[in-house]
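The values are calculated or read from the model by the stated rules, or taken from the named source; none is laboratory data. No experiment lies behind these values; they were computed from the predicted model shown. Here the Cβ is made from the backbone with ideal geometry for all residues, glycine too, and neighbour counts use every protein chain on show.
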Amino acid sequence: MATVVTETLELRHDELATLDARILATLQQLPERPEAERAAAALLLEKIAYEADSGQILPYQEHFLRFIERGIACGALDPRLREFDLAHLARALDPARDRLLGYTALATLADRYLVRHPETRQILERPQALFMRVAMGLALAEPPETRTLWACRWYELMSSLRYLPSTPTLFNAGTPHHQLASCYLADIEDSLESILGSAYEFGMLAKYAGGIGAAVSRIRAVGAPVRGINGTSGGLIPFLHLYDALIASISQGGRRRGTMCVYLEPWHLEVEAFLDLRRNAGDPYRRTHQLNTALWMPDEFFRRVEADEYWYLFDPAVAPELPDLYGQEFARRYRDLCAQAEAGLLPRRAWRRLPARELWLAILASLMETGYPWITFKDAGNLRSQLRGVGVIHSSNLCTEIFLPTSHEEVAVCNLGSVNLARHCTVDGQLEWEKLAETVHLALRALDNVIDVNLYPSERAARANQRNRPVGLGLMGFAELLARRRLSYADPRAAELADRVTEFLSYHAILASTELAGERGTFPTFARSRWANGVLPIDTLEELARERGFPVHVDRSTTLDWGGLRERVRRGMRNGAVMAIAPTATIALIAGTTPSLDPYYANVFSRQTLSGKFLEVNPVLVEELQRRGLWERLLPDLIAARGDLRAVPDCPPDLVERFPTAYQIPPEAYVEVAARVQKWVDMGVSRNLYHAADRPGQLSAVYLAAWRKGLKSTYYCFVRPRMEVEQSTVAVNKARRRPQWVQLVEQEVLAREGAACALDNGCESCQ
């Protein structure tokens with residue numbers, strides 16, 4: 001038997017090598033022949049099927065039934081999958097859906113998502129089996145008599161790419177390790193027990209593909225006394241180095257790195273050292289090259305920046321209450337501490353002051369140099385929270401879109417998935433609203449099921465998720481929707497469209513949660529939430545303005561029956577939170593659309609992922625140029641210009657206006673779109689910013705605008721000097737022979753620094 005198996009594997013290896021060569025040869029025809037991408041995808045599908053079916057290509061139904069049995073036998077699948085009507089599910093598979101997946105999507109699935117044999121690492125499932133496996137994993141929360149029905153419904157939703165759950169769900173649903181949640185948030189106490197206990201907990205969370213956000217503002221500063229040993233503290237930074245080493249050591253089976261973001265409030269005495277954590281120079285033991293960093297900014301800081309006042313830094317040992325305060329309560333206590341410091345009532349080592357603008361400039365300089373720390377807004381996050389009566393929010397998550405209360409007893413958890421707008425519109429960008437509503441309602445039920453079937457590595461996480469039952473429905477494909485509607489991202493109508501689309505998603509997400517509450521009951525802390533009083537996300541804008549004492553200039557118009565929905569909300573919600581706009585970096589690749597709210601980075605660019613580097617060409621632009629008979633003529637200049645249509649001679653002016661690169665869009669447009677979305681979203685909006693700035697001060701107005709407009713967070717800051725795409729090596733011959741620059745697999749197409757989103761930085765940990 002062993003000899004037979006060995007021979008089979010050798011034969012398969014030879015066949016797979018041949019397919020690899022054919023795929024490479026096909027890819028080398030890009031981008032002159034855009035259709036080559038589909039041809040490469042077809043070959044990759046053949047390769048996947050050949051490996052999954054052990055040297056043959058079975059009909060899909062037969063493959064699926066064989067996959068379930070093989071997967072359970074080798075321990076790769078949950079034995080409960082046998083309880084479904086497998087013959088019915090096999091008949092429901094649609095092989096044609098494979099053709100919806102482009103080469104990049106398939107390469108990503110094959111590399112990290114398709115179930116493999118635990119020992120041989122052989123691929124066991126094909127793409128449609130993956131979607132059905134995930135649907136079955138989600139349906140395990142349904143009564144046995146309806147599980148098969150719900151699995152079919154969710155398979156239809158996901159296989160058509162109308163909706164995709166987050167990466168952990170795609171990884172683990174239907175497997176014995178069913179950790180399906182995306183994000184974990186923790187508040188670390190100022191004790192060695194909490195610091196080290198959290199390290200163990202973070203390791204277990206990261207092991208099963210969870211992205212971690214941790215608040216570290218309570219940890220005392222360097223030099224603070226340590227009672228019991230008659231010594232002094234080494235401060236915050238060494239513990240962050242510990243977390244950095246821990247997270248770097250977890251690779252989640254090679255499919256994704258362990259990922260974590262730490263949040264610090266800017267009054268902490270070590271905030272300046274915190275700004276240096278991501279720099280390359282300096283003491284390596286005071287640098288964290290894997291750990292992401294973010295600042296949890298109170299309104300008081302920005303008030304002092306605008307007024308050009310002093311900002312005071314404190315050791316948390318003398319200000320232990322500050323992490324739990326926000327809004328006016330925080331401002332009053334902070335000012336009292338400042339007065340105590342100046343009066344000599346605090347130890348001199350425990351505080352320091354500097355001009356607020358000086359610290360702000362240092363933050364902006366760090367953003368320009370490293371992209372860190374991310375800027376998030378403490379007061380807006382808490383004042384606009386639907387769970388304000390349940391607890392205090394001390395940080396966001398790894399990707400800055402989750403806002404949930406945490407405490408020493410609870411680690412917040414959120415479960416994510418996103419609607420693909422591009423699969424709900426016609427070729428000219430007209431939205432199919434009824435189809436979109438159906439998607440939202442099905443998606444909400446699937447997300448709610450995650451809470452009940454999820455494997456919780458931590459008791460604190462299980463407790464919090466069951467009490468508040470938060471889910472985070474998001475979106476992707478917004479930029480593609482704009483392109484199909486012939487709108488530029490900078491057009492004011494883009495923000496209006498974002499407003500209307502998100503209003504619709506929010507309305508139906510909330511409605512779906514009220515319906516689930518009628519069927520399954522409300523979440524346990526509902527009575528203490530704002531939902532119980534009929535408060536909706538848009539209502540919190542006025543409360544934020546009252547607390548701050550100045551207006552929040554965001555359009556308040558509505559188009560749907562929010563009054564009627566408000567009454568339903570008062571009667572009960574199934575989920576403490578329903579919406580969060582995550583980055584969707586990876587699942588957008590799978591869906592073949594643009595991530596989240598992001599624009600097209602460029603019209604020709606490379607994208608770096610853990611699965612490799614992939615060339616991307618704006619498909620809507622390709623369609624438009626082909627329709628006008630301009631594709632072949634303009635292609636050489638488009639490549640030479642690295643996708644910048646302004647530098648392409650004879651490019652029609654309307655296309656130049658419609659298809660700007662990310663740095664050609666005014667940063668104010670990004671803020672306005674995010675603000676119009678945030679007014680409907682009960683949690684946060686992960687907002688990447690792109691800026692052509694060459695001086696730190698040029699960024700200030702953008703972040704102050706984000707703060708004033710009530711955003712809860714921002715995410716990566718891409719500035720042109722740091723991210724400038726290096727000129728590709730282009731050898732174009734005007735006689736129309738094939739350009740010699742395309743070596744998609746063997747060599748770099750564009751410099752890594754020009755990637756639209758470096759997924760290896762960790763943002764895929766949410767989606």
Quiz prompt | Positions within region 110-127 being assigned to a helix (DSSP H, G or I) and in contact with a helix residue (DSSP H, G or I) (Cβ under 6 Å, 6 or more places away or on another chain), in sequence order | solution = 110, 113, 127
Self-check item: Members of region 17-36 found to be aliphatic (A, V, I, L, M), in a helix (DSSP H, G or I) and surrounded by 16 or more Cβ atoms within 10 Å (Cβ to Cβ), listed by number
Solution: 19, 23, 27, 36
Quiz item: Can you tell me which of 141, 173 is surrounded by fewer than 21 Cβ atoms within 10 Å (Cβ to Cβ) and within 25 Å of residue 205 (Cβ to Cβ)?
Solution: 141
Practice problem: Report the residue count in region 637-663 for those that are outside any helix (DSSP H, G or I) and buried (at least 18 other Cβ atoms within 10 Å of the Cβ). | Solution: 9
Quiz item: Any residue at all in region 180-189 that is touching an Asp or Glu at 6+ places or on another chain (Cβ under 8 Å) and touching a residue at least 60 places away in the same chain (Cβ under 8 Å)?
Solution: yes
Quiz item: If residue 350 satisfies every condition in (1) over 30 Å from residue 173 (Cα atoms); (2) within 26 Å of the chain's Cα centre (by Cα); (3) surrounded by fewer than 24 Cβ atoms within 10 Å (Cβ to Cβ); (4) aliphatic (A, V, I, L, M) but one, which is the exception?
Solution: (2)
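Let's see how each residue does on (1) polar (S, T, N, Q); (2) out of contact with any Pro (no Cβ under 7 Å at 6 or more places or on another chain); (3) outside the structural domain of residue 223 (by TED's automatic domain parsing); (4) touching a residue at least 12 places away in the same chain (Cβ under 8 Å):
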| position | (1), (2), (3), (4) |
| --- | --- |
| 339 | no, yes, no, no |
| 344 | no, yes, no, no |
| 349 | no, yes, no, yes |
| 353 | no, yes, no, yes |
| 356 | no, yes, no, yes |
| 362 | no, yes, no, yes |
| 366 | yes, no, no, yes |
| 369 | no, yes, no, yes |
Self-check item: One residue from 486, 493, 520 being over 24 Å from residue 577 (Cα atoms) and out of contact with any Leu (no Cβ under 9 Å at 6 or more places or on another chain)
Solution: 486
Quiz item: Only one residue in 240, 236 is closer than 30 Å to residue 346 by Cβ, without any contact (Cβ under 8 Å) to a residue 40 or more places away in the chain and touching a Phe, Trp or Tyr at 6+ places or on another chain (Cβ under 9 Å). Which one?
Solution: 236
Quiz prompt | Filter result (without any contact (Cβ under 8 Å) to a residue 40 or more places away in the chain and part of a loop (DSSP other than H, G, I, E, B)) within region 255-286 | solution = 280, 281, 282, 283
Quiz item: Is it the case that residue 293 is free of Cβ contacts under 8 Å to residues at least 60 places away in the same chain and among the β-branched types (Val, Ile, Thr)?
Solution: no
Quiz prompt | Residue list for region 190-222, restricted to those being acidic (Asp, Glu) and under 17 Å from residue 234 (Cβ atoms) | solution = 190, 193
Exercise. Could you look through region 172-221, keep only residues that are assigned to a strand (DSSP E or B) and modelled with pLDDT of 95 or more, and pick out the one that is nearest to residue 583 (Cα to Cα)?
Key: 213
Practice problem: Keeping to region 462-474, report how many residues are of a type in the set (A, V, I, L, M, F, W, C) and surrounded by fewer than 24 Cβ atoms within 10 Å (Cβ to Cβ). | Solution: 1
Quiz item: Only one residue in 371, 344 is more than 25 Å from the chain's Cα centre (by Cα) and surrounded by fewer than 24 Cβ atoms within 10 Å (Cβ to Cβ). Which one?
Solution: 344
Self-check item: Selected residue (only one of 315, 336 is among the acidic types (Asp, Glu) and in contact with a strand residue (DSSP E or B) (Cβ under 9 Å, 6 or more places away or on another chain))
Solution: 315
Quiz item: Among the residues of region 37-56, how many are assigned to a helix (DSSP H, G or I), over 30 Å from the mean Cα position of the chain (by Cα) and at pLDDT below 90?
Solution: 0
Exercise. Please specify each residue of region 80-98 satisfying the condition of being touching a residue at least 40 places away in the same chain (Cβ under 8 Å) and not aliphatic (A, V, I, L, M).
Key: 80, 83, 84, 85, 88, 94, 97, 98
Practice problem: Taking the options 687, 695, 676, name whichever one is of a type in the set (Lys, Arg), outside any helix (DSSP H, G or I) and crowded, with 21+ Cβ neighbours inside 10 Å. | Solution: 687
Exercise. Output yes when any residue across region 664-673 is crowded, with 21+ Cβ neighbours inside 10 Å, outside the structural domain of residue 366 (by TED's automatic domain parsing), in contact with a Ser or Thr (Cβ under 7 Å, 6 or more places away or on another chain) and not in a loop (DSSP other than H, G, I, E, B), and no when none is.
Key: no
Practice problem: Count, please, the residues in region 665-724 that happen to be closer than 22 Å to residue 530 by Cβ and charged (D, E, K, R). | Solution: 5
Quiz prompt | Candidates 157, 149, 164, filtered to the one that is in contact (Cβ under 8 Å) with a residue 24 or more places away in the chain and assigned to a helix (DSSP H, G or I) | solution = 157
Exercise. From (1) in contact with a Leu (Cβ under 6 Å, 6 or more places away or on another chain); (2) touching a residue at least 24 places away in the same chain (Cβ under 8 Å); (3) over 19 Å from residue 547 (Cβ atoms), pick out the condition that doesn't hold for residue 327.
Key: (3)
Exercise. Filter region 97-132 down to residues that are among the β-branched types (Val, Ile, Thr) and surrounded by 18 or more Cβ atoms within 10 Å (Cβ to Cβ) and give me whichever is farthest from residue 66 (Cα to Cα).
Key: 104
Practice problem: Those residues that are modelled with pLDDT under 95, in a loop (DSSP other than H, G, I, E, B) and charged (D, E, K, R), I need them from region 420-466; list them, please. | Solution: 428
Self-check item: Search result, residues across region 483-514 that are outside any helix (DSSP H, G or I) and either crowded, with 24+ Cβ neighbours inside 10 Å or within 24 Å of the chain's Cα centre (by Cα) (or both)
Solution: 488, 489, 490
Quiz item: Pairs, please: C-beta under 7 Å, at least 6 apart or cross-chain, first residue more than 14 Å from residue 180 (Cβ to Cβ) and in region 113-142, second basic (Lys, Arg) and outside any helix (DSSP H, G or I)?
Solution: 122/116; 123/116; 124/116
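Of all residues in region 221-240, which are polar (S, T, N, Q) and under 37 Å from the mean Cα position of the chain (by Cα)? Spell out how you get there, then give the answer.
Of region 221-240, the ones polar (S, T, N, Q) are 230, 232-233.
Result: 233, single match.
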